[in-house]
1. Tell me which residues, restricted to the range 119-136, are of a type outside the set (Phe, Trp, Tyr), within 16 Å of ligand 2 (Cβ to nearest atom) and closer than 12 Å to GLY48 by Cα.
2. Which condition does ASP103 not pass, out of (1) within 15 Å of ligand 1 (Cβ to nearest atom); (2) in contact with a strand residue (DSSP E or B) (Cβ under 9 Å, 6 or more places away or on another chain), if it passes all the others?
3. Just need a number here: residues in the range 77-110 that are at negative phi, in contact with a Pro (Cβ under 9 Å, 6 or more places away or on another chain), within 16 Å of ligand 2 (Cβ to nearest atom) and not acidic (Asp, Glu).
4. Taking strands (runs of 3 or more DSSP E) that do not extend beyond the range 169-283, which have at least 1 residues that are under 30 Å from ASP320 (Cα atoms)?
5. Given the structure, is THR234 in contact (Cβ under 8 Å) with a residue 12 or more places away in the chain, within 24 Å of GLU136 (Cβ to Cβ) and either among the polar types (S, T, N, Q) or in contact with a Cys (Cβ under 9 Å, 6 or more places away or on another chain) (or both)?
6. Being more than 25 Å from ASP294 (Cβ to Cβ) and among the charged types (D, E, K, R) is the filter here, so list the residues in the range 187-244 that pass it.
7. Among all residue pairs at least 6 apart or on different chains, which show Cβ distances below 6 Å where the first residue, located in the range 292-317, is in a helix (DSSP H, G or I) and the second is surrounded by fewer than 21 Cβ atoms within 10 Å (Cβ to Cβ) and hydrophobic (A, V, I, L, M, F, W, C)?
Amino acid sequence: MTIDLEALYIDLHRHPELSFQETRTGGVVAARLGELGIEYEEGIGKTGVVGVIANGEGPVVWLRADMDALPVKELTGLEYASTARGTDPAGNDVPVMHACGHDLHVTCLLGALERLVATKDEWAGTIVAVFQPAEEYGAGSQAMIADGVLERYPRPDIVLGQHVTPLPAGTIGVRSGTQMAASDGLTVTLLGRGGHGSRPHSTIDPVVMAAATVMRLQTIVSREVDPRDVAVVTVGSIHAGLKNNIIPAEAKLELSLRYPDEDARARVLAKVERVVRAEAQASGAEEEPVIEIDHTLPPTINDVHATAQLTLAFDRAFGDGTVVDPGMFTGSEDVSWFAREAGAPLVFWFWGGIDQQKYADAKAGDTIDRDIPTNHSPYFAPVIQPTLDRGVDALVVAAREFLG
Ligand SMILES: [Zn+2]
Ligand SMILES: [Zn+2]
């Protein structure tokens, strides 16, 4: 082994970078690709890196790893915990942590590439390694596509990727069909009429309008969506007013919506719009509320045949029972843009990073939700092994399964 993967992981973990700022990470990736003799280009989609291993006639397999970290202050207490800080898009100085495990994704992909280079005489085809920026903004894959990643490099016959998750280390979770939800981020601006806090009758109060709207939005999932279906309506941000005796002129809500498919998306969006407009009308608003969609992520849909094939390959490599169906996750991903734009199948799987004993204890005590930190938690701390080895092995098994 030329790459010390544990040291590489700890280095990346100590130096997390926010979305579209992954310059050091991209530099580390580029240096390692160079050492492995893999041709690469940097700066794709701002901070992305693409490496290509052309090894004769055969299928083109894309392996994707995302690189960005989050504005979270790490509280894991690990010896290698991050103390890094960064500047967010609004110019705020913020703590930065690899709270989603993308440092593992980068490390495992580099480890897998090393193994695939070393075994070149056993396979044929082309590997395109995509180190993607800004997954957490849901914008990195589209930035790479806009930068011509599908035209500048061999187009994929299949797109593969993985994400570390709070399953027991060693376990792989993958399901056929919809693996992750579609999502939209919305900003709703409720327009009232400002005035003196002592004279509410001469105003149209957007604070009351916002409060009523938030409560009524909660009835969409509880009263209008079929209980057998999955949907989420979260109001994650609410802002209005500056002072107790001023009724402000407007209120802003920020919503996160999740659903499994386009039909559900259309239905839930229509319901949100109906509630927002009706509550404004109920408040006597003279201006229609403004509803803006800030970003949209498609559902992450795993190809049925490729997923069945890969599940068998994982079972063969790691033993029966390694692969579980984790159910559909209400989280969202932007990896599927690559497959969608290329018209290629996608398989995106999860693999566990939680100490097996710790997970078993939490399961026995029915305290998984409390005791097992999830991605984006300041306590998210995957165990290095066997997580790292399993992540490398899974990528190699998957790539080999679809290469010639
Ligand atoms: Zn994340
Ligand atoms: Zn992530």
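1. Hits for the range 119-136 are VAL130, GLN132, PRO133, ALA134, GLU135.
2. (2)
3. Going through the range 77-110 one residue at a time, the tally reaches 7.
4. Once the strands (runs of 3 or more DSSP E) in the range 169-283 are filtered for at least 1 residues that are under 30 Å from ASP320 (Cα atoms), what remains is 177-180.
5. So THR234 fits the description; yes.
6. Across the range 187-244, the qualifying residues are ARG193, ARG199, ASP205, ARG223, ASP226, ARG228, LYS243.
7. ALA313/VAL397; ALA317/VAL397
Residue-by-condition table, conditions (1) in a strand (DSSP E or B); (2) among the β-branched types (Val, Ile, Thr):
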{"residue": "CYS108", "(1), (2)": "no, no"}
{"residue": "GLY111", "(1), (2)": "no, no"}
{"residue": "ALA129", "(1), (2)": "yes, no"}
{"residue": "GLY161", "(1), (2)": "yes, no"}
{"residue": "THR165", "(1), (2)": "yes, yes"}
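The values are calculated or read from the model by the stated rules, or taken from the named source; none is laboratory data. Since this is a predicted model, take the numbers as computed values, not measurements. Counting neighbours? That spans all protein chains shown, and the Cβs are built from the backbone with ideal geometry, glycine included.
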